[in-house]
1. Hydropathy first: keep DSSP H helices in the chain averaging at least -1.0 on Kyte-Doolittle, then drop any whose Cα extent along the axis falls short of 24 Å, and list what survives.
2. Taking 0.36 nm per intervening residue step and subtracting the Cα-Cα distance, what contour gain separates VAL161 from LYS104 on full extension?
3. Calculate the length of the line joining the C-alpha centroid of segment 272-293 to that of segment 1-52, in whole Å.
4. Relative contact order (percent) for the chain, with alpha-carbon contacts under 8 angstrom and 6 or more residues of separation?
5. With +1 on each Lys and Arg Cβ and -1 on each Asp and Glu Cβ, and nothing else charged, work out how big the dipole of segment 2-295 is about its Cα centre, in Debye to the nearest 20.
6. I need the shape label for segment 1-113. Rule: rounded when a/c is under 1.5, else prolate if a/b > b/c, else oblate, with a, b, c from the alpha carbon gyration tensor.
7. P(r) for segment 2-295, please, calculated from all Cα pair distances in 10 Å bins and given in %.
8. For a test of the definition: using alpha carbon positions, the gyration tensor, and the 1.5 limit on a/c, classify segment 90-181 as rounded, prolate or oblate.
Amino acid sequence: MREIQQYIKEKAERLEERLTVYMEESEEVPLRLREAMAYSLLAGGKRLRPVLVLAVCESLGGNEEKALPFGCAVEMIHTYSLIHDDLPAMDDDDYRRGRLTNHKVYGDAMAILAGDALLTKAFGIFAEASLQAGLEEKTALSLIREGSRRTGGEGMVGGQVKDILGESRSVNLEQLRDIHRSKTGDLIVYSVRLGAWVAGASPVEMDALTRYAERLGLAFQIQDDVLNVIGDREKMGKPVGSDEEKNKATYPALLGLEESRDWVRRLVEEAKDLVRSEPGIDSTRLMGIADYLTNRDQ
């Protein structure tokens with residue numbers, strides 16, 4: 001476990017360096033807006049999604065340097081979603097990653113605009129990085145189109161809507177899976193597929209990696225739900241127990257803690273089997289990341 005933790009730490013540091021450069025290069029962006037963008041983007045965190053972009057690319061023998069901008073763009077999209085999720089009109093959270101949320105520091109209006117700016121910058125990076133990586137035009141357009149779908153109303157944003165509508169209402173297990181498949185899973189699947197695209201994955205490899213990511217995304221969300229019940233506030237960097245206070249549908253609420261943990265373990269094993277059985281994929285890092293999910297405490 002220490003080896004994969006060190007791997008994730010090293011990749012996160014590389015990503016942090018490049019993300020800092022992206023913020024420093026944005027000289028035409030008004031200073032206050034740039035400060036608000038950087039405040040959340042450079043606040044640390046697990047960096048799981050961009051690490052997956054790099055790890056998948058490596059697992060297929062691809063060039064990590066070419067994958068790095070794609071990972072940074074994914075992290076910008078993820079950060080935009082967190083900034084907007086924390087707003088009073090949505091989850092109304094005061095703390096994120098151990099410090100005040102964006103709107104608590106910069107105000108609601110600037111927080112909304114910072115999120116908007118990060119999202120739009122991400123798609124500009126996708127386009128530029130596709131050219132620099134020498135991707136075929138059809139591949140570049142496909143990954144940008146899929147990014148729009150998985151992060152918009154059909155994916156992540158749609159999942160947030162379903163989550164909001166599900167508050168204080170009875171939600172069954174299949175409905176909950178549908179919410180999290182969109183809200184959390186789609187961006188994780190997209191991260192994995194980006195790494196595969198950059199590395200030139202075959203259709204068979206892409207299919208195996210996509211199914212790996214689907215299980216990983218669901219396991220990640222269930223573990224998040226579990227940690228919201230039993231996690232340590234200091235390690236989490238945000239209050240625990242907030243899901244129950246807001247009457248949100250969660251896996252522990254529907255299944256109980258132990259069965260929720262069993263689901264995480266089963267999903268992780270399925271994910272590992274999918275990449276382990278594909279000869280064109282060096283699955284060592286990907287299996288390690290999957291195991292890390294079941295043991296993480298933040």
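Since every read-out is calculated from the coordinates, none of them should be taken as a lab result. What you see is a predicted model, and the numbers here were worked out from it, not measured in a lab. Glycine also receives a Cβ, built like all others from the backbone with ideal geometry; neighbour counts cover every protein chain displayed.
1. Working: long enough: 2-25 (35 Å, -1.32); 64-85 (31 Å, 0.11); 108-132 (36 Å, 0.96); 203-230 (40 Å, 0.21); 257-276 (28 Å, -0.94).
Within the chain the helices that satisfy the rule are 64-85, 108-132, 203-230, 257-276.
2. Numbers: separation 57, 0.36 × 57 = 20.52 nm, distance 2.28 nm.
Between VAL161 and LYS104, full extension yields 18.2 nm more.
3. When both Cα centres are located, 25 Å separates them.
4. Details: 415 pairs, mean separation 61.2, N = 298.
RCO, the chain: 21 percent.
5. Values: 39 positive and 51 negative charges, 29 e Å.
So the dipole magnitude of segment 2-295 works out to roughly 140 debye.
6. Details: a/c = 2.43, a/b = 1.65, b/c = 1.47.
Prolate, because a/c is 1.5 or more and a/b exceeds b/c.
7. Over segment 2-295, the share of Cα pairs per 10 Å bin runs 6, 28, 38, 23, 5, 0 percent.
8. Details: a/c = 3.08, a/b = 1.33, b/c = 2.32.
It is oblate, given that a/c is not under 1.5 and a/b is not larger than b/c.
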